[in-house]
Every structure is written in C-alpha cells, then in structure tokens.
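Below you'll find the structure, written out as structure tokens, and then a few comments.
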Amino acid sequence: MKRVTISTLDAMKAAGDKFVMITAYDATFARLVSEAGAETILVGDSLGMVLQGHDTTIPVDLEAMAYHTACVARARPHSLIVADMPFMSYSSTDDALAAGTQLMQAGAQMIKMEGGTWLSDSINQLVERGIPVCAHLGLTPQSVNVFGGYRVQGKTPKEAKSILADAVEIQDAGASLLVLECVPAHLAADISSKLDIPVIGIGAGAGTDAQVLVLHDLLGLSDVTPKFVQNFMAEADSVQDALKAFVAAVKSGDYPLEQHTYT
Ligand code: KIV
Ligand code: NA
C-alpha cells in the first residue's frame, strides 16, 4: 500500500469514498491502525486524557506531542500522520510556526489547530512555509472552559451560521482538512457539501467525508463514552479485528447511525 497523501484524500472526497482517521500515540498502535486501512492517524492531544490521566487536553505540552508524534512516525505507517498543536502553542502566528516546525520535524505530515477565523493568518503562513493544516471546529476541547462543559455546538441558527462561516474562511486561508466535532448532523452535512476540502466528523453524523474516533473509545476502554462512540471490541476477537471493523463500518455507512447522532 502506498503512503496516503492529501491528494489521496482529495480524490476520495471527489469520488464520494469515505475515509477514516483513528488516533494513535505510539509505534505499535500506529502500525495496527495503518494495517487496518485507516487513511489517517491523528496523534491527538486526547493523549492528555487517555494516556496522562488528565480531565482535559489543556495540560498537554508541545514536548509530549512531539514525543508521541515521533513514536508514531517510527512505525512508518501508510496512513497520513496528523499531529495536534497543544493548548496555547499557536496563540500567535510566530508561536504557531515554531510549534508546527517541531511537530513536523518529529514526523508529522500535517498539524491540527482548534479555531476558526482568528487562525486564518497562521494557517496561511504555515501552509506557505510547507506545513499543511487540519482545522478543528465545533466542540473544540481546548476551549472547554469557555463553553462551560463538553456540549454540542452549532445548535442555534446563529451558532450554525458562524461555524459555517469559519469553515469557509479556514478553507480560503489554505487549510487542507477540517475536523468537525459534536455538531448537529445537518450542519456537518451542509458544511461538507459546501467545502472542497475533506471534512472529518466526530459526533457530527454520517454526512461528512470521513470519521474519526479516539482509539481507546472505539476499543471500549474509556470509562465515560459520549453517545457517538461505538465499542468495536464488542463483536471482535482481537484489537486488529476491532480496528478493521471500524474502518469497514465507516466505508459501508454502517457507522455512524442515528443513535450516534445529534440533531
Ligand atoms: O485529540 C483528539 O483525539 C482529537 C479528535 C477527537 C478529533 O482532536
Ligand atoms: Na485534539
């Protein structure tokens, strides 16, 4: 299998073929995720919760992200490696360039940042200098204290309009991918159809171009799981089977279902 690039993902969107992103934080799981056929691996700052035991992603620092990105990259997965920029590492464009450099040199092939319009200049400058960007809108967990909890975003017409406007603007700024987290399915479908860049949903319904889940959630290992999570270990004989079942379910349209969706 050839290594996945952004061209692969653009072609899949154009063909209407769903693709898959799974988080991984180390070499073994990066290999398994790649072997299961997931097109992209996210070295997510969710590692703050699932590896480090924090309640939020806010304590995660750049050193930890670079360390886990390097661990994942050593597996030489076929999947495109996307690494999260941690809390406050991209609050200015200069910070974003420095943090992005560190993650790319650790082995990332794209970096992800949470936010909309305010990130336009940083996105543009990163991309111009050779760092592809995945944006992240909707429930952006680094802003949990601004939201007052992990709650669905974009439920009012005003909020929905602002998320759509942010999505268009980050695409115009040069973002290559967009993650939409915990938004109503109709809004995610609308954004996915309006944007040229692939949109990856989590708790965003079946209308996006791709799906992402946190590894520990889809393996049924997390103590609290939101309603959009399916435990793929429930009917699998091995971790490998569960990862393959998730990939297959996304591609066939068997995941996500109505029960995993906000309206
Ligand atoms: O950190 C992470 O795992 C993420 C996904 C939930 C999209 O950002
Ligand atoms: Na994240």
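With springs connecting C-alpha atoms under 10 Å apart, model the chain as a Gaussian network and identify which of K194, K112, K158 has the largest mean-square fluctuation. With Cα springs under 10 Å in the chain, the top fluctuation among K194, K112, K158 is at K158.
Using alpha-carbon pairs under 8 Å, 6+ residues apart, how would you state the relative contact order of the stretch 1-110 in percent?
On the way: 184 pairs, mean separation 30.6, N = 110.
Dividing the mean separation by the residue count of the stretch 1-110 yields 28 percent.
Between D172 and S91, the modelled label-to-label distance comes to 2.8 nm, taking each label 7 Å out from Cα in the direction of the beta carbon.
Cβ-to-Cβ counts within 10 Å put M85, M233 in ascending order as M233, M85, the fewest first.
Would you work out the relative contact order for the stretch 147-254, in percent, from Cα pairs under 8 angstrom that are 6 or more residues apart? Dividing the mean separation by the residue count of the stretch 147-254 yields 17 percent.
Taking Cα pairs under 8 Å and at least six residues apart, what relative contact order does the stretch 6-260 come out at, in percent?
On the way: 522 pairs, mean separation 45.0, N = 255.
Here the relative contact order equals 18 percent.
Placing pseudo-labels 7 Å out from each Cα toward the beta carbon at D237 and S193 gives an inter-label distance of 4.2 nm. GNM remark for the chain: springs join alpha carbons under 10 Å apart, and the peak mean-square fluctuation among G203, G148, G100 falls on G148. Calculate the FRET efficiency for E258 and D223 from the Cβ-Cβ distance with a Förster distance of 25 Å, rounded to the nearest 0.05. E(calc), rounded to 0.05, equals 0.50. Arranged from fewest to most other beta-carbon atoms within 10 Å of their beta carbon, T23, T263 become T263, T23.
Compute the Kirkwood hydrodynamic radius of the chain, taking the inverse of the mean of 1/r over all pairs of distinct Cα atoms, and give it in Å to one decimal. All intermediate terms of the calculation are to be shown ahead of the outcome.
On the way: mean 1/r = 0.0556 Å⁻¹.
By the Kirkwood definition, the hydrodynamic radius is 18.0 Å.
In the stretch 6-260, how many lysine pairs have Cα atoms under 16 Å apart, counting only pairs 8 or more places apart or on different chains? Write out the running numbers ahead of the final one.
Details: K13/K194; K13/K251; K18/K244; K18/K251; K161/K194.
Lysine pairs satisfying the spacing and distance rule in the stretch 6-260 number 5.
Once every DSSP H run of n ≥ 4 in the chain is given -39500 (n - 2.57) and the sum is divided by its residues, what mean residue ellipticity at 222 nm do you get, rounded to the nearest 500 deg cm²/dmol? Can you show the working numbers first?
Values: 11 runs with 107 residues, N = 263.
So the helix-based figure for the chain works out to -12000 deg cm²/dmol.
Have a look at D61, D209, D45 and tell me which one the Gaussian network model of the chain (Cα, springs below 10 Å) gives the largest fluctuation. Residue with maximal mean-square fluctuation among D61, D209, D45: D61.
Provide D223, D55, D84, D26 in ascending order of the number of other Cβ atoms located within 10 Å of each residue's Cβ, fewest first.
Values: D223 5, D55 9, D84 30, D26 17.
The fewest-first ordering by Cβ neighbours comes to D223, D55, D26, D84.
Since every read-out is calculated from the coordinates, none of them should be taken as a lab result. Worth saying up front: this structure is predicted, and the values here are computed from it rather than measured. Every residue, glycine as well, gets a Cβ built from its backbone with ideal geometry; the counts of neighbours run over all protein chains shown.
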